[in-house]
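Please treat every number below as a calculation from the coordinates, not as lab data. Note that the structure is a prediction, hence the values are computed from the model and not measured. Neighbour counts are summed over all protein chains in view; Cβ atoms, including those assigned to glycine, are modelled from backbone coordinates with ideal geometry.
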Amino acid sequence: MKLKIMSAALFTAIAVSLAGCSTSGGTASDSTAGADTSLSAVQESGTLTVGTEGTYRPFTFHANGSGKLTGFDVEVIEAVAGTLGVKAKFEETQWDGIFAGLEAGRFDVIANQVSINPERTAKYDFSTPYTFSTGVIVVKSDNTSITSFKTLSGKTSAQSLTSNWNTLATESGANVQAVEGWAQSVALVEQGRVDATVNDNLTFLDYQKQTGAAGLKVAANTDEKSESAFAFAKGSTALTAAVDKALAELAADGTLATISEKYFGTDVSK
């Protein structure tokens with residue numbers, strides 16, 4: 001009986017000790033004391049682990065389909081990591097699971113043209129924006145009837161039905177012709193089979209950079225700009241601040257503008 005009592009006491013002491021030493025299995029910003037270790041963890045490891053799709057041209061993709069991971073977002077976060085004195089390590093993840101991966105601590109940051117919106121800012125920390133863009137109406141160069149979103153009313157616009165650009169075109173009064181994506185929609189505009197297509201200006205700039213977009217023009221822009229930034233787990237204040245500082249330095253020395261010009265032919269970082 002005495003032996004059993006002693007074992008129970010010992011078990012209780014061990015359990016208490018283990019409970020006091022346990023730590024969260026979450027992000028680097030978690031600790032028993034509630035301290036933010038997001039930056040120190042990256043500095044100690046020498047690695048900034050980045051979640052990205054790797055299939056989203058021109059932001060994050062493999063050159064020639066199977067070559068090196070590259071893209072606008074890839075180069076920007078690599079430059080940020082270099083400024084922090086660490087190396088960027090990429091974890092390629094499908095978009096549907098990318099935020100879950102961040103929450104699970106699989107990576108320190110998401111670099112994948114993440115748009116800032118109230119729903120996301122309630123759940124995640126964001127850097128200062130490094131990409132700014134508008135929605136645009138793309139038409140043939142000789143089209144003079146479409147000069148604004150108001151004049152899109154009654155015209156035919158090729159849109160992917162699952163895109164928010166379809167919503168904008170519909171709200172503007174356009175007759176929507178369903179397509180699978182940008183490639184189909186711009187082809188229909190070039191062929192004169194539809195009047196227009198509405199999409200992100202970055203998409204058009206990339207197409208223009210790759211093909212010249214001969215015979216096409218932007219007829220109108222949305223008044224508001226969308227902003228994209230790096231996303232972090234909530235509470236990663238130190239790492240977010242360090243990345244903000246790095247982005248400011250890269251903007252000041254012209255690095256962001258140079259990367260922008262490479263992919264879009266213009267500076268989309270401001």
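Assorted remarks:
- Computed lengthening from Ala35 to Ser115, 0.36 nm per intervening residue step minus Cα-Cα distance: 26.0 nm
- Divide the volume of the convex hull around the Cα atoms of the chain by the residue count and you get 168 Å³ per residue.
- Size descriptor for region 151-270, Kirkwood hydrodynamic radius: 16.6 Å (Cα pairs only, one decimal).
- Of the beta bridges in region 135-221, as assigned by DSSP with both residues counted there, near 60 percent are antiparallel.
- Alpha carbon Rg of region 219-265, scaled by the compact-globule rule 2.2 N^0.38 Å: 1.49
- Residues of region 204-237 with amide N under 13 Å of a point placed 7 Å along Cα→Cβ from Ser148: 220-223
- Fewest neighbouring Cβ atoms within 10 Å first, the residues Asp244, Asp195 line up as Asp244, Asp195.
- At full extension, Ala214 and Lys234 could sit 2.7 nm farther apart than now, given 0.36 nm per residue minus the alpha carbon distance.
- Rotationally averaged projected area of region 135-221 (alpha carbon convex hull; nm²): 4.6 nm²
- Footprinting exposure proxy for Val243, Val189 (fewest neighbouring C-beta atoms within 10 Å first): Val189, Val243
- Rg(Cα) / (2.2 N^0.38 Å) computed for region 87-195, rounded to two decimals: 1.39
- Using θ = phi - 60° and Karplus 6.51 cos²θ - 1.76 cosθ + 1.60, couplings along region 227-234 (whole Hz; Gly, Pro as x): 10, 10, 8, 7, 10, 10, 4, 4
- Under 25 Å from Lys209, Cα to Cα: lysines that are on another chain or at least 8 residues apart: Lys68, Lys140, Lys217, Lys225, Lys262, Lys270
- If only the Cβ of Lys and Arg carry +1 and only the Cβ of Asp and Glu carry -1, the dipole of the chain around its Cα centre is close to 440 debye.
- Partner lysines whose Cα lies under 20 Å from the Cα of Lys123, excluding those fewer than 8 positions away in the same chain, are identified as Lys234.
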